[in-house]
């Protein structure tokens with residue numbers, strides 16, 4: 001068995017590989033399909049692959065994947081999670097179709113701000129003034145980077161709109177994910193299974209009504225083995241992302257997880273710039289740095305807030321007249 005340090009050395013690089021790869025694979029699928037819009041079809045197929053993968057795991061390893069319980073599957077919070085998940089996947093693909101991979105991190109940067117707002121409104125979390133500092137950094141970095149992208153002509157207004165809407169739906173997903181933990185006993189596998197089953201069904205009328213399903217089957221893509229291989233791979237990676245993220249948090253810490261996310265984003269941006277032979281200005285990098293600093297500082301403040309009650313509990317009791325007060 002691997003010790004904790006060895007697990008960290010395996011999990012963190014695995015998270016980087018899967019997280020970076022899925023963005024590039026999705027970008028390739030969205031931009032190399034004879035100019036057809038397959039944003040909904042790709043998201044639907046990824047859900048299908050996820051469901052089939054979990055179903056096969058259930059057959060091979062009974063007990064590892066929970067059975068489907070209709071009351072839980074149709075619970076209002078689970079359905080809300082799935083509807084927002086469908087919106088998030090669709091809008092994310094539409095955004096990726098209209099932006100460069102280097103801009104991906106900036107395009108999704110409002111997720112944290114929306115999550116904070118929704119946490120206050122829906123979960124009744126207390127908002128501290130210090131939380132506003134990371135938000136200001138993210139907003140400034142976002143507008144600086146958008147301005148530079150517009151000047152270089154590598155982003156469209158639709159890419160920005162889809163990015164903001166995708167961030168909002170992703171924030172709703174985070175809120176409802178916390179809510180469904182109570183009805184699934186906190187099982188990440190159960191949440192992934194139920195959510196992907198619901199999402200697959202919700203996507204069906206969308207993928208049919210937009211003619212994206214029929215367009216694929218009536219085009220040369222139906223015979224393109226490379227296309228189907230990339231599509232299947234993206235589905236497996238989509239399912240793996242959630243699992244690897246959970247492992248990274250489990251074997252490190254939430255703060256280390258956010259540090260890893262930011263470091264991965266820098267690596268992803270650099271790879272995209274090199275791969276697509278792009279050139280970015282110092283102002284553009286400043287905008288990126290502000291966004292990443294904002295996300296990282298929020299993670300640190302959140303960690304400090306969680307540690308305070310633990311430190312208070314572990315601190316020695318105050319003494320009265322030289323005698324410890326019990």
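Every number in this text was worked out from the coordinates using simple rules, so none of it is lab data. Just so it is clear, the model here is predicted, and its values are computed rather than measured. Here Cβ is always computed from backbone atoms with ideal geometry, including for glycine, and neighbour counts include all displayed protein chains.
Looking at (1) touching a residue at least 12 places away in the same chain (Cβ under 8 Å); (2) surrounded by fewer than 20 Cβ atoms within 10 Å (Cβ to Cβ), find the lone condition where residue 153 falls short.
Among (1) touching a residue at least 12 places away in the same chain (Cβ under 8 Å); (2) surrounded by fewer than 20 Cβ atoms within 10 Å (Cβ to Cβ), the lone unmet condition for residue 153 is (1).
Among the numbered conditions (1) within 22 Å of residue 18 (Cα to Cα); (2) out of contact with any strand residue (DSSP E or B) (no Cβ under 8 Å at 6 or more places or on another chain); (3) surrounded by 21 or more Cβ atoms within 10 Å (Cβ to Cβ), tell me where residue 193 comes up short.
Just one mismatch for residue 193, condition (2).
The rows are residues; the columns are (1) farther than 24 Å from residue 228 by Cα; (2) in contact with a helix residue (DSSP H, G or I) (Cβ under 7 Å, 6 or more places away or on another chain).
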{"site": "43", "(1), (2)": "no, yes"}
{"site": "70", "(1), (2)": "yes, no"}
{"site": "74", "(1), (2)": "yes, no"}
{"site": "83", "(1), (2)": "yes, yes"}
{"site": "86", "(1), (2)": "no, yes"}
{"site": "89", "(1), (2)": "no, yes"}
{"site": "96", "(1), (2)": "no, yes"}
{"site": "100", "(1), (2)": "no, yes"}
